[in-house]
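Remarks on the structure that follows.
The values are calculated or read from the model by the stated rules, or taken from the named source; none is laboratory data. No experiment lies behind these values; they were computed from the predicted model shown. Every residue, glycine among them, receives a Cβ derived from its backbone with ideal geometry; neighbour counts consider all protein chains shown. Ligands, DNA and RNA are stripped out before the accessible areas are found, and what is left, the full protein with its side chains, is counted by its heavy atoms. Shrake-Rupley method; radii C 1.70, N 1.55, O 1.52, S 1.80 Å.
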Amino acid sequence: MASYVAKPTPPNQDKRWKLVDATIRRQGQQARGLIETLHTVQEAFGYLDEQALRYVAMSLRVPLSRAYGVATFYHFFTLKPAGEHTCVICMGTACYIKGAPQLLDAVQKDLGIRPGETTADKKVSLLTARCLGSCGLAPAVVYDQEVAGKVSTLAVREHLKKWTVA
Amino acid sequence: MTPEELEQIAETERTAQGQFTQKVNVCVAAGCLSCQSQAVKDSLDQEVAKRGKKEHCQVKGVGCMGLCSEGPLVSTSSGVLYKKVEAGDSAAIMDSLDGKPVEKLVCRTDVPFFQRQQKIVLENSGNIDPDRIEDYVASNGYAALIKALTEMSPREVVDEVTKSGLRGRGGAGYPTGLKWSTVAKSVGTQKYVICNADEGDPGAFMDRSVLESDPHRVLEGMLIAGYAVGASEAYIYVRAEYPLAIKRLRNAIRQAERVGLLGANICGTRFSFRIDVRLGAGAFVCGEETALIASVEGKRGTPRPRPPYPAMEGLFGQPTLINNVETFANIAPIIRNGGAWYAAIGTEKSKGTKVFALAGRVENTGLVEVPMGISLREMVFEIGGGIPEGRKFKAVQTGGPSGGCLPTECLDMPVDYESLAKAGSIMGSGGMIVMDESSCMVDVAKYFMDFCMTESCGKCIPCRVGTYQMHRILTAIGNMTATPEDLKVLEQLCDLLKHTSLCGLGQSAPNPVVSTLKSFGEEYRAHIEDHKCPAGVCGVEQPVGETV
């Protein structure tokens, strides 16, 4: 008979841990629920910090190394908080041959950051995507969850200006 | 849920729909949504309400109509298709329902893009509301499941699929019937069905469209598969990057559970089935079946050597059937119309139809479903409408990072599994990207190598180190600093990766390089010997080896 291990208590009083606990319960506190739980944490908090990883690992009874391994293996998980706005440039094949590299170049120069980074004032995060599946609209850019199609260098610069000035 | 109750739902829905004399369908799949099609639908709704025509005119959000580049698309019951519709056009469209179509918005449907298609997987896309199970049931939905459960034995279902000649639509083309019978014969306490919706190929969006436009079709295919192989639990592994597809899929599962098409004792039989959604987290390698299984188990998505194949030892060590979204989407029509009907479509070895995502430098980009065996020329120049801006065709890329670039000489080749493999590419999941003379083939090869290098899981050395070295050489060629010796090493590496990598990712990673070397060798030589890029893409200032 498996010995009873008490479920750890959440790191703090934040209500969002309730969502995480719900997912953990739904997965039967089993190791197989690790990815699902990390998805919930990222959805609730925006990113995965050490405290969250420790809590999830303990609750699902997996070594911290495994939780960290999974969190760093998948591109979708991020260990750093994102900026106020995010700009995702699609680098799928269709977008690539229709000028996505030029868009990325322009944005990198304007913001002075590389993909995966956030500007010093925490205003804008720049990301690249493998493929958004909006290939009919190449090149595509996602501004804060909103997909824009057939984007020109000028258009992306204009859009970013609105974020950085405001 | 009994067959009679299902018929009742269909009847009620058909009567309800019959009351509308006019219908306006607005595409609300991701492509058109990002061109503000929701605003178009809302404004049409308001216009209908304003005119007091709510009883006669139905405005419906439907799935993908195919021609994504001209979105938002709107179709009406008078048989007219409108393109690039804006919210301000709704009054004009409402006026046109009784009279002449709105000239400036009309999209011609007598062109090859629409005429050359044959729709089986996409038969409901653009016609039904993906958020309502009733609409699916009214268009013959779940009839195949009822037929399988009440009239056929599991063995007969497998035989019917075998007879259809259907092959896996994920890329490799393994005969589906054979896979099903292997899982059916395997012994295990619990069998699983997994639907692979981790569509990672850049430039491919067929699975996303099917899930967004007709999610119940995939569920029905999985249910039939579960019955045929004796499984009672299933997972759909979807990319987290497809939020809309996930939302519609979850909604579809809830609806099917509510009416009793999922759950315990379906249709009063002993067959019980449960489907759960699992989110991917952005790893291309998880499209490989053993890596996908690891990911569903909550682990890092790394592949393992096969055998044992998942059909014997898969999820949680139990026999597991893994098929692609499009494969499952083909099942219901096969059971409904019989395997012989399906086998009559396509070529001798590749049966049925295939959905392609046509993108890149062509006039018409979007989703098309064509019978197997159609020529590439028809795909690019008739359905695709040719190359824009009067440029010259250069190559068509199929199969994503595992595929190859096919030059002009291959244009008259039929599109089927064998022909594409012979030409050095693969069918892949269905991405088809057209390139014109402004694309440099070395740059394209480098792009795909960068992809494979970043996506390599790192478990086996040939793939982890080999892709890095190949990318380094390709970057050097692009920077005009490579030597002829480098080219030789590149060719050796192609061979090495192909034969010694653990999984499909590494084995097929050299394909883009091999195929471009074969057809566009002079471009490589121009970079190395003359320090020139014929397409004018490669420059000297690109950083070496560093990627994102």
Test B:K349 against the stated conditions and say whether it is modelled with pLDDT of 95 or more and basic (K, R). no
Any residue at all in region B:288-307 that's open to solvent by less than 20 Å² (accessible area, probe 1.4 Å), under 23 Å from A:A31 (Cα atoms) and away from every other protein chain (no Cβ under 14 Å)? yes
Given (1) within 30 Å of B:F381 (Cβ to Cβ); (2) open to solvent by less than 10 Å² (accessible area, probe 1.4 Å), B:R167 misses just (2)
Filter region B:390-434 down to the residues that are closer than 15 Å to B:K518 by Cβ, open to solvent by 10 Å² or more (accessible area, probe 1.4 Å) and within 14 Å of chain A (Cβ to nearest Cβ) and list them by number. B:K394
Every residue from region A:131-148 that is closer than 24 Å to B:D450 by Cβ and either among the aromatic types (F, W, Y) or surrounded by fewer than 22 Cβ atoms within 10 Å (Cβ to Cβ) (or both): A:V142, A:V147
Would you kindly identify the helices (runs of 4 or more DSSP H) lying entirely within region B:47-139 that contain at least 3 residues that are open to solvent by 20 Å² or more (accessible area, probe 1.4 Å)? B:90-96, B:112-115
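Counting only residues that are small (G, A, S) and closer than 20 Å to B:G404 by Cα, which one in region B:468-509 is most open to solvent (accessible area, probe 1.4 Å)? If you could, list the steps in order and put the result at the bottom.
Our first condition is that a residue be small (G, A, S); within region B:468-509, this holds for B:476, B:478, B:482, B:501, B:504, B:506, B:508-509.
Applying the additional criterion that residues be closer than 20 Å to B:G404 by Cα yields B:478, B:501, B:504, B:506, B:508-509.
On the way: B:G478: 2, B:S501: 10, B:G504: 35, B:G506: 1, B:S508: 20, B:A509: 1 Å².
The residue in question is B:G504.
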Do we have B:D276 as touching a residue at least 60 places away in the same chain (Cβ under 8 Å) and within 13 Å of chain A (Cβ to nearest Cβ) here? no
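Can you find a residue that is in contact with a strand residue (DSSP E or B) (Cβ under 6 Å, 6 or more places away or on another chain) and at pLDDT below 95 anywhere in region B:184-196? Reasoning before the result, please.
Going residue by residue through region B:184-196, those that are in contact with a strand residue (DSSP E or B) (Cβ under 6 Å, 6 or more places away or on another chain) are B:192-196.
Of the ones still in play, those that are also at pLDDT below 95 are none.
There is no residue in region B:184-196 that is in contact with a strand residue (DSSP E or B) (Cβ under 6 Å, 6 or more places away or on another chain) and at pLDDT below 95.
Can you tell me which of B:A225, B:A240, B:A184 is closer than 26 Å to B:I146 by Cα, open to solvent by 10 Å² or more (accessible area, probe 1.4 Å) and aliphatic (A, V, I, L, M)? Give the steps one after another, and end with the answer.
Details: B:A225 fails: open to solvent by 10 Å² or more (accessible area, probe 1.4 Å); B:A240 fails: closer than 26 Å to B:I146 by Cα.
It is B:A184.
Based on what the data block shows, is B:I426 touching a Ser or Thr at 6+ places or on another chain (Cβ under 9 Å), touching a residue at least 40 places away in the same chain (Cβ under 8 Å) and not hydroxyl-bearing (S, T, Y)?
On the way: touching a Ser or Thr at 6+ places or on another chain (Cβ under 9 Å): yes; touching a residue at least 40 places away in the same chain (Cβ under 8 Å): yes; not hydroxyl-bearing (S, T, Y): yes.
For B:I426, the condition - touching a Ser or Thr at 6+ places or on another chain (Cβ under 9 Å), touching a residue at least 40 places away in the same chain (Cβ under 8 Å) and not hydroxyl-bearing (S, T, Y) - is met.
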Considering only residues of region B:259-273 that are more than 26 Å from the chain's Cα centre (by Cα) and touching a residue at least 60 places away in the same chain (Cβ under 8 Å), which is least open to solvent (accessible area, probe 1.4 Å)? B:I266
I want to confirm something. Restricting to region B:1-28 and keeping residues that are modelled with pLDDT of 90 or more, among the hydrophobic types (A, V, I, L, M, F, W, C) and farther than 23 Å from B:L97 by Cα, which single residue is surrounded by the fewest Cβ atoms within 10 Å (Cβ to Cβ)? B:I9
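For region B:168-210, which residues satisfy the criterion of being away from every other protein chain (no Cβ under 11 Å) and acidic (D, E)? Show your work before the answer.
Step one: filter region B:168-210 for residues away from every other protein chain (no Cβ under 11 Å), giving B:168-198, B:210.
Across region B:168-210, the qualifying residue is only B:D198.
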